[in-house]
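Below: one structure, written as structure tokens.
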Amino acid sequence: MTDPARPARRRSWKLNPTQLARRRERRAFAMEANPAKETFIYIIRAGEFAKIGKSDAWRDRVDTMQTGSPYTIVPLLVLRAPPVLERQLHRLFAEDHFRGEWFYLSEDIRAFVRKNRTKCVAKIETQGRRPPRPKPENVADDL
């Protein structure tokens, strides 16, 4: 129960200059102590859908998704990029949004994949490994 004689305490989310400086120092220290991990932004295909996501270990992420998916998961594009790119791509393809990080595999997404294929690190990292068996669902090249 609140005391009517005492005004309600309002919480202010604004930081004073001292608090702001401390927060910046902590953030800078944390970044020095934990250098940023390499982040991969990926676009994968599952049937008629594409997932735009980010991961520090994209292969493990694809393997995990494959376990629970009735579709064959096909990486279309894997880029080494800052994490903010994922949100930018979500905004760019907002018209094609289905649910969560899943989008309909539209012509706009296909064009983006084609345009950025030379920057894809998936080809580089998989060179020298035994190629997988060809599958009818492996349609990454039909873009």
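Each value in this text was obtained by applying a stated rule to the coordinates, not by laboratory testing. Bear in mind that the values here come from a model prediction, so they are computed numbers and not experimental data. Note: ideal-geometry Cβ built from the backbone for every residue, glycine included; neighbour counts use all protein chains shown.
Given the Cα-Cα distance of residue 20 and residue 60 and 0.36 nm per residue of separation, how much length would full extension add, in nm?
Fully extending the segment from residue 20 to residue 60 adds 10.6 nm.
Just want the ordering: 98, 93, from fewest to most Cβ atoms lying within 10 Å of their own Cβ.
Ranking 98, 93 by Cβ neighbours within 10 Å, fewest first, gives 98, 93.
Amide H to amide H under 5 Å from residue 49: which residues, 5+ apart in sequence or cross-chain, H placed 1.01 Å off N in plane?
105
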